[in-house]
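Structure first, then comments.
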Amino acid sequence: MKIIIIGGGASGLACAIKAKDNTNEVTILEKNARCGKKLLLTGNGRCNYFNEDFDVNYYHAKKKELLGDIITEKNKAEVLTFLDDIGLVPKIQKGYYYPRSNQAVSVLESLLNAAISCGVVIKTDVAVLNIRYEDKFYVETSDGVYEADKVVIATGSKAYPKTGSNGDGYNLVKPFHHLINPLPALTPLFTNLPYLRDWAGVRLDAKASLYVGNNLLQEESGEVQLTDNGISGIPIFNLSSVAIRELTNKKDVKVILNFLPFIDDAKTYLDERSDKLPYLNISSFFDSLINYKLSNIILKKNKISYDSFYATLTPSKKNSLIDDLTSFEVPITGYADFNTAQVCSGGVSLDEINILTMESLKQKDLYIIGEMLDVDGVCGGYNLGFVWLSAILAAKSIRGYHD
Ligand SMILES: Cc1cc2nc3c(=O)[nH]c(=O)nc-3n(C[C@H](O)[C@H](O)[C@H](O)COP(=O)(O)OP(=O)(O)OC[C@H]3O[C@@H](n4cnc5c(N)ncnc54)[C@H](O)[C@@H]3O)c2cc1C
């Protein structure tokens, strides 16, 4: 049986290794001069390749309920066995898996060595242009037409196009599938607030709550970065998938930032601080509590002069100040595009494939894996977690067995 895997990224390589056996001829067609370009960038060059807390709640998908059928303890064990089998030695930090070498290149090398050693053929500099099916597949490429009994589309998404995943895969599946509009995810959000130049460069621990209209949709905590066009950092990346889809649907999207997430009752805390430090003017009063750039913005916004004292503010000024410290409203007006986005939301909907095997429900013997599918996860190794899982499920089905 001839199997063509389109794309030599994380999912294509993993699927090839698991699909290869003595009776299968497995060929990866990769348009770049080498495989796994994106993998090398992951986790800031360290590759956070899995998360111990492999749970459906860390994912977004229009048909998310289907993910529950495959994100299971049993499949988690199978993914970890695969990663161990290819020789990856994990370093697990707060549940995040990295290679012990701390180098993404070792993940790529482990995949490549395993693929080559089991006889997978890797053809680089071959761009797939079209897929036709007439009793078998005809895969039209920059290097002529390849015939195949089964085809796996592992072309990634549109995110970070300079790595090769530039949306080609969407054109390849179009004859067979509908697409959920691919949008950037894990990317900064933009705002039109007037303070951008003043707050640029501030990093601080905050709780970020995503609202659409008055509905709270998601909350994330961690280091938020205030930038010259909006807000960034892992908590914001994690909100971006939902925020961008809602924004695209012309909804009113905002992020509320709590700059004092470590304080339960800000009013009592500030009153006590003021009693303890009555000699501090309001500017110094906020020193060491929050970044001075931010306190200056909040004081200016509330028309409070820097030399006034917290204790002498009117109750309504105090309330308004506390509101800005704990519920600072950031209207979301845009987002960083695919060139910056780490992943993509949208793609082929999960209800158009057999979720247990990744085989297309529209075209027999066509498989779709990895980021081509409408699944995106939050930061923490979840995206690669799904990549390995989808690759393994497809490979098992190709080899003719699955649970
Ligand atoms: C900067 C950055 C950091 C990230 N960090 C993490 C992290 O730490 N942890 C995590 O879990 N996830 C991370 N991700 C996300 C993760 O890298 C992706 O989810 C994952 O690589 C997707 O795998 P894939 O195989 O579906 O696609 P890709 O890895 O994008 O591979 C697709 C391959 O297909 C090839 N291709 C495309 N079109 C064609 C064609 N027409 N013909 C032939 N070949 C083609 C491409 O060249 C590419 O090599 C990060 C992403 C980025 C951009």
Karplus-derived 3J(HN,Hα) from phi for the stretch 85-99 (6.51 cos²θ - 1.76 cosθ + 1.60, θ = phi - 60°), whole Hz, x at Gly and Pro, runs 4, 8, x, 6, 9, x, 10, 9, 10, 6, x, 7, 8, 10, x
Computed about the Cα centre, the charge dipole of the stretch 238-396 from +1 Lys/Arg and -1 Asp/Glu charges at the Cβ has a magnitude in debye, to the nearest 20, of 440
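Give me the net charge for the shell around ALA159: Cβ to Cβ below 15 angstrom, other residues only, Lys and Arg +1, Asp and Glu -1.
0
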Once both label points are put 7 Å beyond Cα along the C-beta direction, the VAL145-ASN192 separation in nm becomes 5.3
XL table LYS31/LYS136; LYS62/LYS207; LYS91/LYS158; LYS254/LYS301; LYS250/LYS301; Cα-Cα > 24 Å flagged, in table order, is LYS62/LYS207; LYS91/LYS158; LYS250/LYS301
Mean-square fluctuation maximum in Gaussian network of the chain, Cα pairs under 10 Å, restricted to THR124, THR357, THR314, hits THR314
The size of the Cβ-based charge dipole (Lys, Arg +1; Asp, Glu -1) of the stretch 250-314 about the Cα centre, to the nearest 20 debye, is 540
Checked the chain with the C-alpha gyration tensor, a ≥ b ≥ c its square-rooted eigenvalues, rounded below a/c of 1.5, otherwise prolate if a/b is larger than b/c and oblate if not; verdict prolate
The chain: relative contact order from alpha carbon pairs under 8 Å, six or more residues apart, as a whole percent, is 24
Most fluctuating of LEU210, LEU321, LEU393 in the GNM of the chain (C-alpha, under 10 Å) is LEU321
With a ≥ b ≥ c from the Cα gyration tensor eigenvalues, square-rooted, and the rule rounded for a/c under 1.5, otherwise prolate when a/b > b/c and oblate otherwise, the stretch 321-403 is prolate
Taking the square root of 5λ for each eigenvalue of the C-alpha gyration tensor of the stretch 219-291, the equivalent ellipsoid has semi-axes, largest first and in whole angstrom, of 33, 13, 11
Residues of the stretch 155-194 with backbone N under 14 Å of the label point set 7 Å from the Cα of ASP351 along Cα→Cβ are 178-180
Summing -39500 (n - 2.57) over every DSSP H run of at least 4 residues in the chain and dividing by its residue count gives a helix-only mean residue ellipticity at 222 nm, to the nearest 500 deg cm²/dmol, of -9000 deg cm²/dmol
Distance in Å, no decimals, from the C-alpha centre of the stretch 205-262 to the one of the stretch 280-332 is 21
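Every number in this text was worked out from the coordinates using simple rules, so none of it is lab data. As the structure is a prediction and not an experimental result, all values here were calculated from the model. Glycine gets a Cβ as well: all are built from the backbone with ideal geometry, and neighbour counts include every protein chain shown.
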